[in-house]
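Novice: Questions regarding the structure given below will be posed in turn.
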Amino acid sequence: MNLAFYLAAAVAVFATTMVVTRLNAVHALLYLVVSLLAVALMFYILGAPFAAALEIIIYAGAIMVLFVFVVMMLNLGEQAVARERGWLTPGIWVGPALLSLVLLAELLYILIPGTQAVVNPEIVEAKRVGVELFGPYLLAVELASMLLLGGLVGAWQLGRRDAAAQRQEAGHDRDAD
Amino acid sequence: MTATLTDHALLIAVVLLALGVCGVLVRRNLLFILMSLEIMLNAAGLAFVAAGARWAQADGQIMFILILTLAAAEVAIGLALALRIYRHFQTLDADALSGMRG
């Protein structure tokens, strides 16, 4: 049953094209989430359910939320409200919603018992991944933890307002009072 | 798992990677450059998972998990840098940063 795979692939490529060509960051993020969901469906059809779950939880969940936070932080101000109102018009969310509907229909079709949606007869289960991850790849896991620690410390240090700017802002506040 | 399906999955990974490269080269907004980097990392993960599925081995998914941690660390640092640049220059235009002092 390769049709589901190619449909998901078409959705992924189309959504990614829309990401690169959008002018507004939030519109691009909507399409990027759809693209990641489509790739997750492709993972599932390829027989990698654990990778599919991680793609949705970490990529489409955590990393995209981080992007949305930053976009919202950069848009503080009065015109943000007007822009928010503009974003709620149907023309903007209808495209990603339609693509998501295609993916949802595919998912429901796959979940019908009896359909041979997963083309790979040998599904690599999460258990096998875990056994290998904490066996031969243990050193890579340790290195990944070091990388994440570095990312954490770096993001904290860079995201912090420096002391001079803080003092300046406090001065402005006192002037305003 | 047929060989043609692996070929097509790798082909789609190449297409996604090319779209990401186009995004990095064409867009000048730092947020879009970061998004394009995510697209490229995701395409690399797709190639790994497709290859792992071809031989029914778990190594492909393990490499995908490592790419996932790399993407998380990269996006945290990248977004923190973007915030800092926005505070300093009041813009996210990458060309605005090309001039150096001195």
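Novice: So is residue A:152 more than 22 Å from the chain's Cα centre (by Cα) and at pLDDT 90 or above or not?
Specialist: For residue A:152, the condition - more than 22 Å from the chain's Cα centre (by Cα) and at pLDDT 90 or above - is not met.
Novice: Would you confirm, using the coordinates I've provided, whether residue B:57 is modelled with pLDDT under 90 and either polar (S, T, N, Q) or in contact with an Asp or Glu (Cβ under 9 Å, 6 or more places away or on another chain) (or both)?
Specialist: Here the answer is yes, as residue B:57 does meet what is asked.
Novice: I've got another one for you. Whether any residue in the range B:47-61 is at the interface with another protein chain (Cβ under 9 Å from one of its Cβ atoms) and under 17 Å from residue A:66 (Cα atoms) is what I want to check.
Specialist: The answer is no; no qualifying residue exists.
Novice: Which numbered condition trips up residue B:12, out of (1) within 9 Å of another protein chain (Cβ to nearest Cβ); (2) touching a residue at least 24 places away in the same chain (Cβ under 8 Å); (3) farther than 15 Å from residue A:28 by Cα; (4) within 13 Å of the chain's Cα centre (by Cα)?
Specialist: (4)
Novice: Can I ask one more? Inside chain B, counting only helices (runs of 4 or more DSSP H) that do not spill past its ends, which hold 1 or more residues that are surrounded by fewer than 15 Cβ atoms within 10 Å (Cβ to Cβ) and either touching a strand residue (DSSP E or B) at 6+ places or on another chain (Cβ under 7 Å) or of a type in the set (Phe, Trp, Tyr) (or both)?
Specialist: Counting at least 1 such residues, we get B:59-89.
Novice: Right, here's the next one. Suppose we filter the range A:1-26 for residues that are assigned to a loop (DSSP other than H, G, I, E, B) and either buried (at least 22 other Cβ atoms within 10 Å of the Cβ) or out of contact with any helix residue (DSSP H, G or I) (no Cβ under 7 Å at 6 or more places or on another chain) (or both); how many remain?
Specialist: Going through the range A:1-26 one residue at a time, the tally reaches 3.
Novice: Restricting to the range A:155-177, name every residue that is at pLDDT 85 or above and over 22 Å from the mean Cα position of the chain (by Cα).
Specialist: Correct list: A:157, A:158.
Novice: Is at least one residue of the range B:83-99 modelled with pLDDT under 90, facing another protein chain (nearest Cβ under 8 Å) and under 17 Å from residue A:64 (Cα atoms)?
Specialist: yes
Novice: Can you confirm whether the range B:31-39 contains a residue that is more than 7 Å from every other protein chain (Cβ to nearest Cβ) and aromatic (Phe, Trp, Tyr)?
Specialist: No, that holds for no residue.
Novice: Mind listing just one residue for me: the one in the range A:27-56 that is more than 10 Å from chain B (Cβ to nearest Cβ) and among the β-branched types (Val, Ile, Thr) and, of those, surrounded by the most Cβ atoms within 10 Å (Cβ to Cβ)?
Specialist: A:34
Novice: Among the listed residues B:28, B:54, which satisfies the condition of being among the charged types (D, E, K, R) and farther than 29 Å from residue A:130 by Cα?
Specialist: Unique residue meeting the criteria: B:28.
Novice: Mind listing just one residue for me: the one in the range A:17-51 that is without any contact (Cβ under 8 Å) to a residue 60 or more places away in the chain and under 12 Å from the mean Cα position of the chain (by Cα) and, of those, nearest to residue B:27 (Cα to Cα)?
Specialist: Here the residue is A:28.
The values are calculated or read from the model by the stated rules, or taken from the named source; none is laboratory data. None of these values were measured; they are calculated from a predicted model. FYI the Cβ positions are ideal-geometry reconstructions off the backbone, even for glycines, and counts take in every protein chain you see.
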